[in-house]
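The structure under discussion appears below in the form of structure tokens.
Computed from the coordinates by the stated procedures, all read-outs in this text should not be read as laboratory data. Here the structure is a predicted model, which is why all the values come from computation and not from measurement. Here the Cβ positions follow ideal geometry from the backbone for every residue, glycine too, while neighbour counts run over all protein chains shown.
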Amino acid sequence: MVRKLPKDHRANRFLAALEPDDFTLLEPHLEAVILPRGTVLYEPGDPIRYTYFPHDVIVSLVDVMEDGRLAEVAIFGCEGLFGLLTAFASREAFGRYVVQIPGTASRIPLARLHEAIRTRPALQRLVLAYNEALLAQAYHTVACNAVHTVEARCCRWILSTHDRLNQDTLPSKDSLPLTHQFLAEMLGVQRSTVSPILRGLQMSGLIEQRRGGIDVIDRAGLERGACECYRKIRSRFDKFLSGTHASAGRGSLSKATD
């Protein structure tokens, strides 16, 4: 699939949620970029020069162990941004930012964004709200990895990725271009652990596996199979960033929690 740069930076929901004057201030400094699968944007300790606002790309922040093993700390999609939270003080990445699903994003020089945050109160409030939701995501993810089964965590991860995809850019709105190996790395387990779990989800009619990807068949069923952390994380984004979270309009959870 050939990627095309978007005509509007507001394909990112965070940018779309800005006050018109704040977006007008940032727009001249925004640059649209194409990010292929596997691109490493920052390694631990790298200086952060740009903040990214994903459109349809999905990026994971992973912690890299000395033996090479990985564990996902956070996931970013069109609901938000990355390359800012840790850059307020050290301006260095504390993990690896890697593209898991290719796509496009807008980016802005970090210095320009810092300047705008200092002078624009509404922008500052939205950034702080996003940072709080992101910290809640990391908090719940740590607890989830410690106490919940791999199957429940797998359902949570598939749902979280599904939430953040831009439906208009995919061959199918429920298609996730994910491999068993990549999913295993993000969950911090062996591929041999993930493969039977995915077969079980397929036999239950929740997903359909295909070469190099997964199709979500029964989203409500996946939500029932996921741990409570998925609902807690999503509700945090809905609370602090109403209208920006990519899951808005996908349906089943919002109906279940009304």
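Summary table
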quantity	calculated
Burial ordering of Ser60, Ser90, Ser235, fewest other beta-carbon atoms within 10 Å first	Ser90, Ser235, Ser60
Diffusion constant of the stretch 37-175 at 37 °C, which comes from Stokes-Einstein with the Kirkwood Cα-pair radius and 0.692 mPa s, µm²/s	206 µm²/s
Overall Cα dimensions of the chain, principal axis frame, Å, largest first	53, 44, 37
Extension gain, Tyr139 back to Glu228 (0.36 nm per residue minus Cα-Cα distance, nm)	30.7 nm
Stokes-Einstein diffusion coefficient of the stretch 105-201, Kirkwood radius over Cα pairs, 37 °C, 0.692 mPa s, in µm²/s	202 µm²/s
Lysine pairs meeting the criterion (Cα under 27 Å, 8 or more apart or interchain), as found in the chain	7
Exposure proxy ranking, count of Cβ atoms within 10 Å, fewest first, for Val150, Val127	Val150, Val127
Three-way shape label, the stretch 1-48, alpha-carbon gyration tensor, a/c 1.5	oblate
Order of Asp63, Asp22 under a 10 Å beta carbon neighbour criterion, fewest first	Asp63, Asp22
Calculated P(r) tail over 19 Å for the stretch 89-158, as whole % of Cα pairs	57 percent
Where labels lie 7 Å past Cα in the beta-carbon direction, separation of His148 and Glu31 in nm	3.8 nm
Using distinct alpha-carbon pairs, which all enter the 1/r mean, Kirkwood radius of the stretch 26-84 in Å	12.9 Å
